[in-house]
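Visitor: Would you mind keeping the following structure in view while I ask a few things?
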Amino acid sequence: MSRVRAVKRNQIVVYQGEAVSSVCRVVDGMVRAYSILSTGNEVLVALFGKGDYFPAGSLFDTTPVALFYYETMTDCTLEFLDPQTAAGGLVRSEHEQAKNARRYIGALLHVNALGQPTASERIMHTLRYLTTRFGVTLPNKRFVRIDVKLTQHDIARLCNVSRETASIELAKLRKDNIIVQKSKMYTVNIPLLNKRIGDDGLGGIDTL
């Protein structure tokens, strides 16, 4: 049996340390997994979008409790399933393997983004991560739309910078035609972004 529920943004769906009896599938929206350090600081661990399942440990019966907090970053529609049903529903096709590869590459890009020394670099690398993880390539191949609505506050949280700093840096990218923002949707000019980062030899990143 499964049940589908609408969940407003900024709601904790699963608490760290909670015994988990069901697995969630993201039908629509974005969920973040994070941990809280002894200092009180939050550490973002992963993002989950349409079609993703969480917590992974419960899905494969490897951990009896949730290792992280799972919170909705946007208004979400979530499907709650028992772990056996969820695991049985995962099709190990080439498409599923490609999605797993994208998640892994995206995770590496996000770790790399947070390691950048300046706010500007963190935001640019995070945008590249988001295009890889949640991007839809537009017909001209140069532009990739991040297929999730994000506020400046959301991007600031992802980059571990203030909202004011995120606003300033995003304005610079808009002025230089690297991003286009409309109704909380961001479209990224990948060649220009890579050139600004200094990786223009990479070309486009496959969003699978």
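Read the figures in this text as sums done on the coordinates, not as results from a lab. All values derive from a computational prediction rather than experimental measurement. When we count neighbours, we look across all protein chains shown, and the Cβ atoms used for this are built from the backbone with ideal geometry, even at glycine.
Visitor: Please give the FRET efficiency for Val136 paired with Ile12, using the beta carbon to beta carbon distance and R0 = 25 Å, rounded to the nearest 0.05.
Guide: 0.30
Visitor: Moving on to the next point. Neighbour counts of other C-beta atoms within 10 Å: give me Val136, Val188, Val13 arranged from fewest to most.
Guide: Lowest to highest Cβ neighbour count: Val136, Val13, Val188.
Visitor: Still on this model: Among 2-12, 20-30, how do they line up from the highest to the lowest mean number of other beta-carbon atoms within 10 Å?
Guide: By packing density, highest mean first, the sequence is 20-30, 2-12.
Visitor: Using θ = phi - 60° and the Karplus form 6.51 cos²θ - 1.76 cosθ + 1.60, what ³J(HN,Hα) does each residue of the stretch 38-43 get, whole Hz, x for Gly and Pro?
Guide: 4, 6, x, 7, 8, 10
Visitor: Please list, in chain and number order, the residues 5+ apart from Leu67 or on another chain whose amide H is under 5 Å from its amide H, with Hs placed from the backbone.
Guide: For Leu67, whose amide H was placed from the backbone, the distant partners under 5 Å are Gly17.
Visitor: Excluding same-chain residues fewer than 8 positions from Lys195, which lysines have a Cα within less than 29 Å of its Cα?
Guide: The qualifying lysines are Lys99, Lys141, Lys149, Lys172, Lys175, Lys182, Lys184.
Visitor: Right, here's the next one. Once you put a point 7 Å from the Cα of Arg5 and another 7 Å from the Cα of Thr187, both along the Cβ direction, what distance in nm separates them?
Guide: 3.7
Visitor: On to the next question. Determine, from the Cβ-Cβ distance of Val65 and Ile168 and an R0 of 45 Å, the FRET efficiency 1/(1 + (r/R0)^6), rounded to the nearest 0.05.
Guide: 0.65
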